[in-house]
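The values are calculated or read from the model by the stated rules, or taken from the named source; none is laboratory data. Just so it is clear, the structure is predicted and the values come from calculations on it, not from any experiment. A quick note on method: Cβ atoms are made from the backbone with ideal geometry, for glycine too, and the neighbour counts reach across all protein chains shown.
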Amino acid sequence: MSQTPYSIVKKARDNTRPTGLDYIHNLFQGFVELHGDRRFGDDAAIVGGIARLEGLPVTVIAIEKGRTAKERSFRNFGAPNPEGYRKALRLMKQAEKFGRPVICFIDTSGACCGVEAEERGQGLAIAENLMEMTTLCVPVISVLIGEGGSGGALALGVADRVWMLENAVYSVISPEGCASILWKDAAKAETAAASLKLTAQDAKDLGVIDEILSEENLGKQPFYQGLRSRLSRTLTELAGDEDLVGSRYARFRRMGAQFLQG
Amino acid sequence: MAFINFIKPKNQLEEGGRTAAPVQEDAGEPEKTCPNCRKAIPLSRLWANHLVCPCGCHFRMNARQRLAMVTDPGSFRELYADLTAGNPLDFPGYGEKLATVRNASGEKEGVICGTAAIDGQKCCLFVMDPYFMMGSMGSVVGEKITRLFEYAVERRLSVVGFTVSGGARMQEGLVSLMQMAKTSAAVKRHSDAGLLYVAVLTDPTTGGVTASFAMEADILLAEPGATIGFAGARVIEQTTRKSLPKGFQTAESVLQHGFLDSIVPRSGQKQMLSELLRLHNGGV
């Protein structure tokens, strides 16, 4: 069965895939949701709180798209507003204070594109997350479970380990957006998808992600069991890194270096 | 959503040459029509006034012109000038596009970095170029900015940066997206070292540059009328199908919403920057 990059994009967007909340409820025990950014409001597109991973307290943050029409509208289709990113940052700083690792699940076509989002500083909200995540003193793991749309996805993705499901995508722009800008033709999305190198394998080849997660049994207990023990194992490994922040700096410092000349 | 929302018409490339063409005094002087007041302004008058129309409208300016405007003569020492990257993703047409832009602009990439003195105050300086693929950030722009902040930490220098950008460079895909994280990490280190970073946001500063190093400065200045935002206005209009408020994403409205420290016209930038540097350098 041969897959094209664009068919993977469609899979990544498929609304039968597990969403952020599915991961929260299946991987962790005793999730306590914590709302609000303490600045403006509570963004339903980002769900955050504290839970236990095989007994260990962790902070969990997930972008939630919703599945039914009603849920999707309530979750703004998983397109976070600035207050969503600020809630995420608040919870990450809280995790740092209490020495809890942070686990993020990313699934968004991009940050919310709207007048109010702009007026409340969407760009600044994302920038602050990027900046603060680079020096967070606790381990951070980010998992791309569906769409990884641009800065809106990266705002939860400055992590010590970044993983991608095999049919997730990660891109600087949607294939449709890219095609309409470059070729004035959104129908060329198929070509754009191939050119943008947005599949998990591409991201791994570019050194952007660390591991590709198999989707065998996706959404079923064996899948979650596997992911749970992988998360646990990796957190143990990261706990042994005495210069976690230095390693994270080095991880992102390398990005693109292989292409430089001069 | 879309990251690169400000794509300039191709013909702006031509006017973005390295230096001003010498103005012929005799035969009918060339003029440029101001997009704001609609008056035709003689080019020589524009050049003499840092490309600002008498009505106050700030025209786009290339990076070398800006350097000359804010730095002390002869003080600028360029860093990483030869850094380039091919076509990381083998993106169709990107290699040719880069070659064309390099030819037309005389620059190798979309940002110029170095050290300089501004009214005697030494600092690290970066200036982005609107005539190089609209200052879009790819691996080279990200690397140069990152290196400059690292250099500034080593030498304990302030950083002054002029931003202009359509956002991340989509032809470099994920590699360009990652530059947002890379530059942010370097800005954070510089900030944690107790050093000053002043950004001057010029028209337009958008997308992935707004959402990374542009907004991360200690002090955020902007040029009058500059478009500053994350998502492009046209994209927002198409997505939401609502008309945009008057003055949306202009520096003036961004200031009103609390996201800028001050709007400074070109005529006052050198003085403002040197004063801010002096206030943080412990000098007089």
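Odds and ends about this structure:
- Long-range neighbours under 9 Å by Cβ, at least six apart or interchain, first residue closer than 20 Å to A:Ser73 by Cα within the stretch A:97-125, second assigned to a loop (DSSP other than H, G, I, E, B) and of a type in the set (Val, Ile, Thr): A:Phe105/A:Thr19; A:Asp107/A:Thr19; A:Gly110/A:Ile173
- Those helices (runs of 4 or more DSSP H) of the stretch A:157-262 in which at least 1 residues are of a type in the set (Lys, Arg) and modelled with pLDDT of 95 or more, considering only elements entirely within it, cover A:200-205, A:221-239, A:244-253.
- Residue within the stretch A:208-228 that is of a type in the set (Ser, Thr, Tyr) and closer than 24 Å to A:Gly151 by Cβ present: no
- Hey, B:Ala116 farther than 25 Å from B:Thr227 by Cβ, assigned to a helix (DSSP H, G or I), touching a strand residue (DSSP E or B) at 6+ places or on another chain (Cβ under 6 Å) and among the hydrophobic types (A, V, I, L, M, F, W, C) or not: no
- Residues considered: A:Ala159, A:Ala200. Of these, the only one that is of a type in the set (A, V, I, L, M) and touching a Lys or Arg at 6+ places or on another chain (Cβ under 8 Å) is A:Ala159.
- Within the stretch A:112-142, being closer than 30 Å to A:Arg233 by Cβ and not in a helix (DSSP H, G or I) holds for A:Thr134, A:Thr135, A:Leu136, A:Cys137, A:Val138, A:Pro139, A:Val140, A:Ile141, A:Ser142.
- Residue, surrounded by the fewest Cβ atoms within 10 Å (Cβ to Cβ), within the stretch A:77-110, restricted to residues that are within 12 Å of chain B (Cβ to nearest Cβ) and out of contact with any strand residue (DSSP E or B) (no Cβ under 8 Å at 6 or more places or on another chain): A:Phe77
- Every listed requirement among (1) surrounded by 19 or more Cβ atoms within 10 Å (Cβ to Cβ); (2) farther than 25 Å from B:Val140 by Cα is met by B:Ala85 save one, (2).
Residues are listed down the side, and each one gets a yes or a no for (1) crowded, with 16+ Cβ neighbours inside 10 Å; (2) at negative phi; (3) in a loop (DSSP other than H, G, I, E, B):
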{"position": "B:Leu67", "(1), (2), (3)": "yes, yes, no"}
{"position": "B:Asp72", "(1), (2), (3)": "no, yes, yes"}
{"position": "B:Lys97", "(1), (2), (3)": "no, yes, no"}
{"position": "B:Lys108", "(1), (2), (3)": "yes, yes, yes"}
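- When B:Ala214, B:Ala193 are checked against the criterion of being more than 7 Å from chain A (Cβ to nearest Cβ) and either without any contact (Cβ under 8 Å) to a residue 12 or more places away in the chain or more than 25 Å from B:Met69 (Cβ to Cβ) (or both), a single residue qualifies: B:Ala193.
- Note on the stretch B:245-275: residues that are surrounded by 16 or more Cβ atoms within 10 Å (Cβ to Cβ), touching a residue at least 60 places away in the same chain (Cβ under 8 Å) and in a helix (DSSP H, G or I) amount to 5.
- Criterion violated by A:Asp241 - all others in (1) away from every other protein chain (no Cβ under 12 Å); (2) more than 17 Å from the chain's Cα centre (by Cα); (3) closer than 20 Å to B:Gly173 by Cβ satisfied: (3)
- B:Gly110 falls short on exactly one of the conditions (1) touching a Ser or Thr at 6+ places or on another chain (Cβ under 7 Å); (2) in contact (Cβ under 8 Å) with a residue 60 or more places away in the chain, and that condition is (2).
- Residue in the stretch A:194-206 that is closer than 30 Å to A:Glu132 by Cα, surrounded by fewer than 14 Cβ atoms within 10 Å (Cβ to Cβ) and within 14 Å of another protein chain (Cβ to nearest Cβ) present: yes
- Any pair with Cβ under 8 angstrom, 6 or more apart, that starts in the stretch B:169-187 at a residue that is more than 7 Å from chain A (Cβ to nearest Cβ) and crowded, with 24+ Cβ neighbours inside 10 Å and ends at one that is assigned to a helix (DSSP H, G or I) and among the small types (Gly, Ala, Ser): B:Arg169/B:Ser176; B:Glu172/B:Ser139; B:Thr183/B:Gly142; B:Thr183/B:Ser212
- Helices (runs of 4 or more DSSP H) completely within the stretch A:4-98 that count 2 or more residues being under 25 Å from A:Gln221 (Cα atoms) and either of a type in the set (A, V, I, L, M, F, W, C) or touching a helix residue (DSSP H, G or I) at 6+ places or on another chain (Cβ under 8 Å) (or both): A:5-13, A:20-27
- Residue within the stretch B:229-242 that is of a type in the set (S, T, N, Q), without any contact (Cβ under 8 Å) to a residue 40 or more places away in the chain and facing another protein chain (nearest Cβ under 7 Å) present: yes
Conditions (1) more than 10 Å from chain B (Cβ to nearest Cβ); (2) buried (at least 24 other Cβ atoms within 10 Å of the Cβ); (3) under 18 Å from A:Ile103 (Cβ atoms), marked per residue:
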| residue | (1), (2), (3) |
| --- | --- |
| A:Arg120 | no, no, no |
| A:Val140 | yes, yes, yes |
| A:Ser150 | no, yes, no |
| A:Glu166 | yes, no, no |
| A:Gly177 | no, yes, no |
